[in-house]
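What follows is a single structure, written as structure tokens, with notes after it.
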Amino acid sequence: MGAFFTASALGTLAVLGLLAGVEYGAVPVPLRSPPARPGERMGEPPAGSLPFAFDGRFDSRNAALRGAARWFEADGVAGVETVAVAPNGTLALIGERGEVWIADAAGADGFAPPRRIARLPPGRPLGAVFDADGAVVAALAPVGLFRISAGGGAERIAAASKVGARSEIAPGADLGFTNDMDIGSDGVIYYSHSTHVGPFEMPDGRWNALESVYTSLGAARPSGLLLRHDPATGATTALTGGLWFANGVALSKGEDFVVVADSIQAKLLRHWLRGPRRGETDTFAANLPGPPDGVSRASDGGFWVAIYGRYPPVMNLAAHRLVRAAVALTPPRLRPPTPPRGLVLKLSEAGGVEFALEDPDGSVVRGVTSAVEAPDGRLWLGSLHEKGVQALDLPQPLRALRTAGGPDAEAAGRLVRRLEARRAAAVGSARAAAQAARRGAGADAEEAGGHTEL
Ligand SMILES: *[C@@H]1O[C@H](CO)[C@@H](O)[C@H](O)[C@H]1NC(C)=O
């Protein structure tokens, strides 16, 4: 007995010692590879970067996002992270297996069946936009940026896959994890490189880019970058660095600044391209109610921000190495599921949240990775895992909401109420139609001489 107690007391002490060693950094913690590189260990975060301390509170106020319709599911389109919209309404859709489809606007509200024009090499397609020549510029992690011509030729933009030697920030860094981009009127591409922890191929041939978020938190070596690539000169420069997980990118209407999302820090940064603050980076919006993913410019000059899922409350304890170790090392199948939700924020040009479009329980729309406004007023919603793509018909182009005096909260409230009323009417008429169909089926049975038993 005595020996048993001594052994178990020693065992307990050893476990406590190990935990303390992890917490205080005395015990090296190897990260899972993949997604980490072999041999990569948990690191120490830059001073002052933790804790994150977001309050994560967001009281749901509407279910307007539930009015979204699903498109192109029957065409086999799936896992489209971002919908690229051309000025004439043509869509480019890049699926989770690298298929590139083009859907031309046709008829009053419709689209021609999507045509498959290309297939990208293995990787996870992320952001995509049309350039001025009608080609699609797309990010493929962990490979880099591609340019896909209207004819279907897909060419890697090799010069955008490494930071130039003359860049002040991260010279020579490899840029595999390209994620989102916007293109200036001068053709310059602004884009993000999320983290040095790349995505990896799963046994079914799809690529997992989500685990990189957790592993990056463990690595605590914020390596995300905002970049500028000039196709005219081939020069690639890092504009700002130190992001934990760089994501959505969008230029302001006047191209005087560019916004980049940091998903792990739940914030958007603003990098000034012109004016007295040129070259500076500041906070554009912080303490967002979940990880920001895609960012795009709205027709009124503000921004649409897709919020992917929710923040586990444990993120506020990330200053503890033990917590970072637990988050980074938990295998995906053992991770507690986050309740689904659909959430898109509309921000003003100054970074204030004007309104949110929500599906509080994710029953129709969940896991939104991008929201892109089309000229016809449709808001296209991308997602990593959903079939087809979803779109919400805004009752009017957003720019019509903005009064001369600036953002109009009342108009925003009216927009959300109209979306909800339309949704309720659609649900009501669907119920009525189902009831009518049931009555009709009963009548048919009676006509045929059968008995209707209820
Ligand atoms: C619409 O624009 C795209 C991209 O520039 C182009 O490829 C397509 O041909 C255009 N469609 C029509 C009908 O003009």
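Give me Rg/Rg_expected for the stretch 39-172, where Rg uses Cα atoms only and Rg_expected = 2.2 N^0.38 Å with N residues. Spell out each step's value before the answer.
Details: Rg = 19.5 Å, N = 134, 2.2 N^0.38 = 14.1 Å.
It is 1.38.
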Two-site label geometry, E201 and D393: point separation in nm, points 7 Å out along Cα→Cβ = 4.3 nm
Apply the Kirkwood formula to the stretch 235-351: the hydrodynamic radius equals the inverse of the mean of 1/r over all pairs of different alpha-carbon atoms; give it in Å with one decimal.
-> 15.5 Å
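Return a whole-number percent for the relative contact order of the stretch 104-194, with Cα pairs under 8 Å and 6 or more residues apart as the contact set.
21 percent
Tell me what the chain gives for mean residue ellipticity at 222 nm when only DSSP H runs of n ≥ 4 count, each as -39,500 (n - 2.57), the sum divided by the residue total, rounded to 500 deg cm²/dmol. All intermediate terms of the calculation are to be shown ahead of the outcome.
Values: 4 runs with 79 residues, N = 454.
It comes out at -6000 deg cm²/dmol, rounded to the nearest 500.
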What is the gain in length, in nm to one decimal, between R61 and D109 on full extension, counting 0.36 nm per residue of separation less the C-alpha to C-alpha distance?
-> 14.3 nm
So how far, in whole Å, is the C-alpha centre of the stretch 245-280 from the one of the stretch 23-45?
-> 30 Å
Could you work out the per residue convex hull volume over the alpha carbons of the chain, in cubic angstrom?
-> 213 Å³
Treating cross-link reach as a plain straight distance, find the lysines whose alpha-carbon is under 28 Å from the alpha-carbon of K346, omitting any fewer than eight places away in the same chain.
-> K253, K267, K387
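For the stretch 168-233, what does the convex hull of the Cα positions come to per residue, in cubic angstrom?
On the way: hull volume 7.6 nm³, N = 66.
Convex hull volume per residue, Cα atoms: 115 Å³.
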If you rank H196, H385 by fewest surrounding Cβ atoms within 10 Å, what's the result?
-> H385, H196
What FRET efficiency comes out for the pair R278/L322, r = Cβ-Cβ distance, R0 = 41 Å, nearest 0.05?
-> 0.45
When Lys and Arg each count +1 and Asp and Glu each count -1, what net charge do the other residues less than 15 Å away from D55, Cβ to Cβ, add up to?
-> +2
Rough spin-label spacing in nm, given labels placed 7 Å along Cα→Cβ, for E44 and R417 | 5.7 nm
So which DSSP H runs in the chain come out at 30 Å plus along the axis (Cα) with average Kyte-Doolittle of at least -0.5?
-> 2-23, 409-447
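Under the 0.36 nm per residue contour assumption, what length would be gained going from the current alpha-carbon distance of E410 and Q435 to full extension?
Working: separation 25, 0.36 × 25 = 9.00 nm, distance 3.70 nm.
Additional length available on full extension: 5.3 nm.
Bear in mind these aren't lab numbers, they're just calculated from the coordinates by the rules spelled out. Bear in mind that the values here come from a model prediction, so they are computed numbers and not experimental data. Cβ: placed from backbone, ideal geometry, glycine included. Neighbour counts: every protein chain shown.
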